[in-house]
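Trainee: So that we are looking at the same thing, I have put the structure below in structure tokens.
What follows is calculated from the coordinates using simple rules that are stated; it is not laboratory data. What you are looking at is a predicted structure, and each value in this text was computed from that prediction instead of being measured.
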Amino acid sequence: MGAPHNLFFRATGAAAMAETIVAEGNIRIHNVQVHLDAAPAETNIFTIKIDAKPGPAYDTVLYTKEMNTLTDDVKEFDSFLVQGGDEVDFAMPNTGTDTWGLTVAYSKTT
């Protein structure tokens with residue numbers, strides 16, 4: 001069995017970000033990249049959260065970043081394990097309606 005193959009989830013928009021990866025089997029998140037076409041002048045908090053299948057007692061915020069004055073952010077994970085059935089949510093209010101791009105590198109695991 002060889003090394004795991006990276007998969008990519010990509011999304012874009014110009015309204016609020018509300019994207020989800022549903023883990024169909026266990027997955028490992030390697031990195032998350034977010035890009036804005038212009039640096040927001042207002043508060044825009046980018047959030048990565050686990051919405052755990054067993055219920056809200058297990059939900060976890062993995063990362064938050066204030067994107068005010070930023071156009072790019074990259075969050076590296078040391079192969080963060082997500083259990084099958086959990087959801088990984090990516091959110092940002094995007095109050096200035098900037099165009100954003102989201103790229104998530106992950107791999108399936110056993």
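Trainee: Mind checking which aspartates and glutamates have their C-alpha under 13 Å from Lys49, skipping anything on the same chain fewer than 8 residues away?
Mentor: Glu19, Asp59, Asp86, Glu87, Asp89
Trainee: With Rg/Rh (Cα atoms, Kirkwood Rh) in mind, check [x] 1.03; [y] 0.99; [z] 1.14 and report the label derived from this structure.
Mentor: The value matching this structure is [y].
Trainee: Provide the gained length on full extension for the span Thr99 to Ala57, in nm with one decimal, where the gain is 0.36 nm per separating residue minus the Cα-Cα distance.
Mentor: Between Thr99 and Ala57, full extension yields an extra 11.7 nm.
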